[in-house]
1. Can you work out the Karplus-derived ³J(HN,Hα) for every residue in the range 301-307? Use 6.51 cos²θ - 1.76 cosθ + 1.60 with θ = phi - 60°, whole Hz, and x for glycine or proline.
2. With only alpha-carbon atoms counted, please give the Rg and Dmax of the range 326-427, in Å.
3. Quick check on packing: order 194-205, 256-267, 375-386, 111-122 by the mean number of other C-beta atoms within 10 Å, highest mean leading.
4. In nm, to one decimal, how far is the modelled label at Glu144 from the one at Val374, with both set 7 Å along Cα→Cβ?
5. So which residue, out of Ala91, Ala42, Ala210, gets the largest mean-square fluctuation from a GNM of the chain using Cα contacts under 10 Å as springs?
6. If amide hydrogens are placed 1.01 Å from N in the peptide plane, which non-local residues have theirs closer than 5 Å to the one on Lys397?
7. For a quick protection proxy, order the peptides 337-347, 277-287 by their average other-Cβ count within 10 Å, most packed first.
8. Can you tell me the length gained on complete extension of the stretch Ala134 to Lys407, counting 0.36 nm per residue apart and subtracting the Cα distance?
Amino acid sequence: MTQLRITNGRVIDPSQSLDQVADLWIRGERILGIGPQPGLVADRTIDAAGMIVSPGLIDMHVHLREPGREEDETVATGSAAAVAGGITSVACMPNTDPPLDHQAAAEFIHLQARRAGNAHVFPIGCVTKGRQGAELAEIGGLVEGGAVAFSDDDVPIVSAEIMRRALEYCRMFDKPVLSHAEDLELTKGGLMHEGRESMRLGLRGMPAAAEEVMIYRDIELARLTGGRLHFLHVSTAGSVELIRRAKNDGVRVTAETCPQYFFLTDQELRRFDSNHKLNPPLRTQDDVQALIAGLKDGTLDVLASDHSPQAPEKKLRELDQAPFGIVGLETLLPISIKALLEPGHLTWPQLIEKLTIRPASILDIKRGTLKPEVYADVTIIDPAAEWTIDVSKFASKSRNSPFDGVKVRGRAHAVIVRGGVKYEQIR
């Protein structure tokens, strides 16, 4: 077996409370150990002086569009974008055509990921058949096919009874239900956050209450059932407080937010640029501060991208006609560094924890750690690299990013998946 040595790097592994300058050794597809390995000779050595050596980053909220919308993204292009962003594992949402609501559909995702040979791809199965909200999908079959969680993604589960049964049934398999919290009656026809800016611009708004009332409902259902509940792309101050209280009460709830929600505000819509049209929408500065506070105190467990690729011709439509969503795999790390690390809101170990062991533990996948014998998924980060985000250079098929032209510091220098170097930054 080939042996790879990563030397002189600052090894940060929150799963082991490890933060030290040390060598990391990889043998074949697995981690061999950290520190001196007497008698071993490396087949290749990577000098990581001045860099951070982390467990491979995990993005648990990604849309890969395949099957059915390959003009936006495919498993191959999306997983290539992942490794370009320093991400070694992604969990992909089931809003495909047809949806991922049966065992063969989950197996198809695994097959396509193996063919692509980039990042690991873990499918998330539908909660209900066809994402119609009426009848539970084949939960057991999807678990057999490799589904790691369940969600109807951008279609909220309107029926409280269906959501209750989903939490109960998924509890049998110890799988989380991932909730897109939105009251569709309150957001119907909305284009942006409802508030001063929407009134000023004359655009129909989507109130914070639309997210918060569904979060309250789902928390109470999780309390009732004992099921595992995870909230996707949390965006409001009220939501953070509801989740904080639920955690204090011992409810089995976790949550994520995304860079767009703690870096941008609804004022961006003044440009009527569809790359700022999201669901949930960009909120206010008060919401941004609440999200940052939630990340600092652990209320929000995970950083995720909500990578939602849309072919250029779709986003070029008028604002009211353009679809929601932005790409995020290649900007998750640099924008998180810019918005959270540089201002001192989080430390490197805290940031890496929310990108590694926390999503791994929620999805119950054996990733996000540098412990011996696990798959050698490693991200080497150059924290001093200064660069400007350029969507024309993205590995993703789509270009719908609000971060084009933003100057950032820090990026993936090299990415290793199962012991193989899948990405290296050319200096």
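1. Per-residue couplings from phi come out as 7, 9, 9, 9, 8, 6, 4 Hz.
2. Looking at the range 326-427, its Cα Rg and Dmax stand at 14.4, 41 Å.
3. Details: 194-205: 16.2, 256-267: 23.6, 375-386: 21.2, 111-122: 19.2.
Most protected by this proxy first, the peptides run 256-267, 375-386, 111-122, 194-205.
4. Label-label distance for Glu144 and Val374, simple model: 3.0 nm.
5. It is Ala42.
6. Excluding prolines and chain starts, which carry no amide H, the hits are Thr74.
7. Values: 337-347: 16.4, 277-287: 22.1.
My ranking of the peptides, most packed first, is 277-287, 337-347.
8. Gain on extension, Ala134 to Lys407, equals 93.7 nm.
Each value in this text was obtained by applying a stated rule to the coordinates, not by laboratory testing. All values derive from a computational prediction rather than experimental measurement. For neighbour counting, all protein chains shown are included, and Cβ atoms are generated from backbone atoms with ideal geometry for every residue, glycine included.
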